[in-house]
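Enquirer: Just passing along the structure, written as structure tokens.
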Amino acid sequence: MTRQKAYPTDLSDAEWMILEPWLDPPRSRQGRPRSVARREILDAIFYQLRTGCQWRYLPPEFPNWQTVYWYFARWRDDGTWERINDALRRRLRVRLGREAEPNAGIVDSQSAKTTEKGAIGASTPPS
């Protein structure tokens, strides 16, 4: 089933080929394949994330918003999004000529400030 209207947030064929292996085949409770394509689900999720619309206001060209949200929450809860992000990070690092896994991290003290006076001065009530 192909939508009549395309959106800028839709996956390209190349992007879909990268993501497809990370998504389990959709099954119903009875074990039968579902009729909603995972690519359509991803297109709807990416549309919602990019536009910030409420789930129930997804355009009608997408699958039912409850189905889309169910997949989003399921993939969030079972770690699918984290696994995809890790795989994409590794892939990019290798493409850039780096090791797949980082071996160091940097924390910038300017972006990790707490308070100017410190914890004790900040919590002392004025006299």
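The values are calculated or read from the model by the stated rules, or taken from the named source; none is laboratory data. Please read these numbers as outputs of a predicted model, since none were measured by experiment. Cβ coordinates were reconstructed from backbone atoms using ideal geometry, including for glycine residues, and neighbour counts include every protein chain displayed.
Enquirer: Which residues, taken from region 23-54, are surrounded by fewer than 16 Cβ atoms within 10 Å (Cβ to Cβ), outside any loop (DSSP other than H, G, I, E, B) and either within 15 Å of the chain's Cα centre (by Cα) or at pLDDT 95 or above (or both)?
Expert: Correct list: Leu49, Arg50, Thr51.
Enquirer: Select from region 1-22 the residues that are over 18 Å from the mean Cα position of the chain (by Cα) and of a type in the set (A, V, I, L, M, F, W, C) and write down the one among them that is modelled with the lowest pLDDT.
Expert: Met1
Enquirer: On the basis of being at pLDDT 90 or above, in a helix (DSSP H, G or I) and of a type in the set (D, E, K, R), does Glu61 make the cut?
Expert: no
Enquirer: Give me the pairs: first residue in region 74-100 and farther than 18 Å from Glu15 by Cα, second residue of a type in the set (D, E, K, R) and surrounded by 12 or more Cβ atoms within 10 Å (Cβ to Cβ), beta-carbon distance under 7 Å, and six or more apart or on different chains, which are they?
Expert: Within 7 Å, the pairs are Glu99/Arg93; Ala100/Arg90; Ala100/Arg93.
Enquirer: Just to be sure, is Glu99 of a type in the set (D, E, K, R), within 28 Å of the chain's Cα centre (by Cα), modelled with pLDDT under 90 and in a loop (DSSP other than H, G, I, E, B)?
Expert: The answer is yes for Glu99.
Enquirer: Return the total of residues in region 4-22 being surrounded by 15 or more Cβ atoms within 10 Å (Cβ to Cβ) and part of a loop (DSSP other than H, G, I, E, B).
Expert: Result for region 4-22: 4.
Enquirer: Any residue in region 81-92 that is part of a helix (DSSP H, G or I) and acidic (Asp, Glu)?
Expert: yes
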